[in-house]
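What follows is a set of notes on a single structure, which appears directly below.
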Protein chains: 2
Amino acid sequence: MQKRYLLAPGPTQIPPEVLLKMAEPMIHHRNPLFETVVEEVRENLKHLFGTVNEVLIFSSSGTGAMEGAITNMLSPGDAAIVVRSGKFGERWAEIGRAYGIRCVNIDLPWGDTLDPGLVERALKENPDAKAVYTQATETSTGTLFPTKEIAGIVRNYPGTLMVVDGITGVGVLPLPMDEWGIDILIGGSQKALMLPPGLAFAGVSEKAWAFNKVSKIPRFYFNWAKERDNLRANQTNFTPAISLIVGLRESLKILKEEGLDNVYRRSEMLARATREGAKAIGLEIFSKNPSPAVTAICAPEGIDGQAIYKTLWKKYAVTGAGGQDQLKGRIFRLATLGYADKYDVITAVAAIEFTLADLGYEFPMGAGVAAAVTCLKDL
Amino acid sequence: MQKRYLLAPGPTQIPPEVLLKMAEPMIHHRNPLFETVVEEVRENLKHLFGTVNEVLIFSSSGTGAMEGAITNMLSPGDAAIVVRSGKFGERWAEIGRAYGIRCVNIDLPWGDTLDPGLVERALKENPDAKAVYTQATETSTGTLFPTKEIAGIVRNYPGTLMVVDGITGVGVLPLPMDEWGIDILIGGSQKALMLPPGLAFAGVSEKAWAFNKVSKIPRFYFNWAKERDNLRANQTNFTPAISLIVGLRESLKILKEEGLDNVYRRSEMLARATREGAKAIGLEIFSKNPSPAVTAICAPEGIDGQAIYKTLWKKYAVTGAGGQDQLKGRIFRLATLGYADKYDVITAVAAIEFTLADLGYEFPMGAGVAAAVTCLKDL
């Protein structure tokens, strides 16, 4: 018998009531039954994204919505500022390059705190930049970026959009689009939304729609204006991932019932307990400004981070994540996203202790869970 | 109490064992558990598509794979021949237009039989055409196209690819890619594959991969070469729609167990019984060369096709489809795709009888189901 615990930064655990909803007989998308689902989903997505504008729904991975945030807003040869401080910052630049965008990259060492002043300087030096592309939290390094402050700066540039990949941010921390001045906010189903992967989201401001009107990159599947027009009639441009949207209705309801402030507080406390648990056994947190979504923990001297991640998975039944690209072997990651509670974190910290004991690391056994439990008393 | 019967040309019914598989706890995609699933799926997709080459898997609607069959193969300004004889033929042309392709359209009245000679002539008149884009069966009109014959013609043109939208063809009728010379064959999850929408497929020939090497349309999310490289390692380029792929493993197993020849025979017989049932109560079949996937039935004189479709759905619990675009109000459609058996067809024909009696059409009540039952005795 091996019960398995999924604590990866996406996909995440799915509540049983959501799994069961998605297992109901299929319904057709071009009829009122489905339209009622979409209508409810639209309202709850607006609430979650903190916007009065439509939040578009795409049947794709989150990357599909990231691509659309370039192809629906810019034209070949346009300049854009990209914050690159992890795998997903690099993805913005890769997509930009694929579509002929002149990317001005703010290259920050992975895991560093992002100084909003760097964005301000880049904007001053590149007044023609049509957009700033960044992350709310960078999943590869477990770093929180100062979205509110950056949005506050970009807001003063009428010719520049503030685009945030919130794939591991939406539903984890507040990202109120309209209040902060985020023009495009991207989300994905398999993170805090507690669903399987296969849906992506984009909240889009009025300012962004004006950019869309003059954007000249060709597009078809990810045609945002057509998607918006369909959504207003509770429909989608093409056959959507119906079962996931049916599940989305349920998971948005669960988030709403808990209350978004409580959801954010829970993620924050779970991440803090993960960090304190790790620190109590002498481990270092990789990021200088840790994310509430996912915690990147440095492998101790002499122990391979991939071995930790693999032992956690194979022997101790906890699925976290390893390091990606330049961080491979140096870190391992555990998420506190979505359908995760205090016992998940205690489980994860216990599994880390078991794993590190196996791998020959010396530490006061039990100190990790003790620290985690202490942090979690009031959750 | 109203039991509902889904007989639309996508989404289609999902076998309960597939629904339950998809309701199992989520697994992570970057680990051996998922890779075992992909390995099995790859083999069974090759079998279904009749090819030794990889069949790519995309987390998108079928249209995403159609787009990729243009953006990964052609360059702006290239010429392509498009068979336009329904909504989905028009979609090829729309995608081509969006990406700067010079589409040479073979415009055939909707529902007509496609003479392969028309394709041959178009190829002779446009020797620079880089591809022929067509459908195996045109869902909007319920028409079967002569894929084998067209592929046999295109095969003689080394500079031209044969691209088939088989979204309502794969798993319904034989479309052996390698044997017939189909270069790209597109499929979708929500049709004969008995899954929710959200996955698309593309079998790709060696000839097509050579076109891919010189193709210059920008792409990122639908980058086929990267997807192929990942697939060879039982992986996907981006986070895939995991639950659908887990379901796909199950549905491919079901198809394999029935045996593809039996599956094709079943679809053919179910479609024939639907046609005979309709004809027995005086209705006309819209298509001159009917598809085994979906039957388009003409609304009788003086009765609105949309009223038939809506009454079928609302009062008689059978979800079919209405007519699209120019056929709206003129036809209604019932599918015999995927998880459909003889009782589904008898149910559908009975519901048509109930509906038409309601709408004031005069006919010998019961004659439709009698004809259908007679056709289905040996299935």
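The values are calculated or read from the model by the stated rules, or taken from the named source; none is laboratory data. The shown structure was predicted, so the numbers you read here are calculated from the model rather than taken from an experiment. So basically every Cβ, Gly included, is an ideal-geometry build from the backbone, and we count neighbours across all protein chains shown.
Does B:E90 satisfy the condition of being away from chain A (no Cβ under 12 Å), assigned to a helix (DSSP H, G or I) and in contact with an Asp or Glu (Cβ under 9 Å, 6 or more places away or on another chain)? The answer is yes for B:E90.
Restricting the search to segment A:312-370, which residues are closer than 30 Å to A:G259 by Cβ, of a type in the set (F, W, Y) and either in contact (Cβ under 8 Å) with a residue 12 or more places away in the chain or in a loop (DSSP other than H, G, I, E, B) (or both)? Matches in segment A:312-370: A:Y339 only. Among the candidates A:V132, A:V104, the residue that is aliphatic (A, V, I, L, M), farther than 29 Å from A:L48 by Cα and in a strand (DSSP E or B) is uniquely A:V104.
Here the helices (runs of 4 or more DSSP H) wholly within segment B:209-295 that include at least 2 residues being within 30 Å of A:I101 (Cα to Cα) and within 14 Å of chain A (Cβ to nearest Cβ) are B:224-232.
Kindly evaluate A:S267 against the criterion of being of a type in the set (G, A, S), within 30 Å of A:A350 (Cβ to Cβ), in the same structural domain as A:N72 (by TED's automatic domain parsing) and modelled with pLDDT of 95 or more. No; evaluated as a whole, the condition is false for this residue. From the list A:A200, A:A208, the one residue that fits, being touching a helix residue (DSSP H, G or I) at 6+ places or on another chain (Cβ under 7 Å) and over 19 Å from A:L260 (Cβ atoms), is A:A200. Criterion first (surrounded by fewer than 24 Cβ atoms within 10 Å (Cβ to Cβ) and not assigned by TED's automatic domain parsing to the domain that holds A:F220) does A:K3 satisfy it? It is true that A:K3 is surrounded by fewer than 24 Cβ atoms within 10 Å (Cβ to Cβ) and not assigned by TED's automatic domain parsing to the domain that holds A:F220.
Filter segment B:314-330 down to the residues that are under 22 Å from the mean Cα position of the chain (by Cα), of a type in the set (A, V, I, L, M, F, W, C) and surrounded by fewer than 24 Cβ atoms within 10 Å (Cβ to Cβ) and list them by number. Result: B:L327, single match. Restricting segment B:154-191 to residues that are within 14 Å of chain A (Cβ to nearest Cβ) and in a loop (DSSP other than H, G, I, E, B) leaves a set whose member that is surrounded by the fewest Cβ atoms within 10 Å (Cβ to Cβ) is B:K191. Going through segment A:333-374 one residue at a time, which ones are of a type in the set (S, T, N, Q) and under 20 Å from the mean Cα position of the chain (by Cα)? Once the filter is applied, which keeps residues that are of a type in the set (S, T, N, Q) and under 20 Å from the mean Cα position of the chain (by Cα), segment A:333-374 yields only A:T336. Consider segment A:297-318. How many of its residues are farther than 18 Å from A:T141 by Cβ and touching a Lys or Arg at 6+ places or on another chain (Cβ under 7 Å)? Result for segment A:297-318: 1. Taken over segment B:201-232, the criterion of being aliphatic (A, V, I, L, M) and either in contact (Cβ under 8 Å) with a residue 24 or more places away in the chain or outside the structural domain of B:Y157 (by TED's automatic domain parsing) (or both) is satisfied by B:A202, B:V204, B:A208, B:V214, B:I217, B:A225, B:L231.
Residue-level analysis places B:L123 outside the set of residues that are away from chain A (no Cβ under 13 Å), crowded, with 16+ Cβ neighbours inside 10 Å and either among the polar types (S, T, N, Q) or closer than 24 Å to A:T236 by Cβ (or both).
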